[in-house]
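Here's the structure, in structure tokens; my notes come after.
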Amino acid sequence: MSDTENKPHNENEAPQDDTVQPEGEAQSEATPEAETELDPVLKLTAELDSMRDKLLRALAEAENTRRRAERDVADARSYAVSSFAKDMLDVSDNLSRAVGSFDEAALADVTEGVKNLIDGVAMTEKAMVSKMERHGVRKVDPQPGDTFDPHKHQAVAQIPSDQAAGKIAAVMQTGFVIADRTLRAAMVAVSSGPAAGSADSGGSVDVKA
């Protein structure tokens, strides 16, 4: 009797499957698991980018706020006396008119006491202008022949004069500026050139601010 016939047969033994799984199918079954592992990484990367963008925006906004605060403080420091300075302009104008109402010829016929009074008014006017300049308030005192500046001068008339067209012909009232802002524009008359009929007659000039 052969060994094959003597070997007991186990009916419960499962037959061995020697079939080799193709390499492509094994990779395809592993792909979903790999994608599942990468999804959290992509999600965290997106969240990180979003948080970085929000942080940069917050820093930019904080920097803009800081700059605005610094500018407001600088403006407050420079223009805090604007209201007070405007109230003092009338006083300065009156002192200037008082000093200008006397010329050298008139002073020759007055008493010593009157001369001292006039000198005192002149000194007061100069001291007031000096104190205002210390706080950033400066006088704008244009002269005939100066170029008209609509930011600092207010043209109240346009007249023929010996000055070239567009130049200041006469000054009615001095002006004042505080820092880089006009507190009160100087009132001037602007030249339209020589009178009509003269050889150097010129055209008009735009005097709008």
ask   = Hey, among the residues in the stretch 170-188 that are open to solvent by less than 20 Å² (accessible area, probe 1.4 Å) and without any contact (Cβ under 8 Å) to a residue 60 or more places away in the chain, which one's nearest to the chain's Cα centre (by Cα)?
value = Val177
task = Can you confirm whether the stretch 193-209 contains a residue that is modelled with pLDDT of 90 or more and more than 25 Å from Tyr79 (Cα to Cα)?
result = no
key: Candidates Met123, Met128, Met132, filtered to the one that is under 26 Å from Val171 (Cβ atoms) and under 28 Å from the mean Cα position of the chain (by Cα)   = Met132
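The values are calculated or read from the model by the stated rules, or taken from the named source; none is laboratory data. A quick note: this is a predicted structure, and the numbers were derived from the prediction, not measured. FYI the Cβ positions are ideal-geometry reconstructions off the backbone, even for glycines, and counts take in every protein chain you see. In case anyone asks, the SASA skips ligands and DNA or RNA and just uses the protein heavy atoms, side chains included. Shrake-Rupley method; radii C 1.70, N 1.55, O 1.52, S 1.80 Å.
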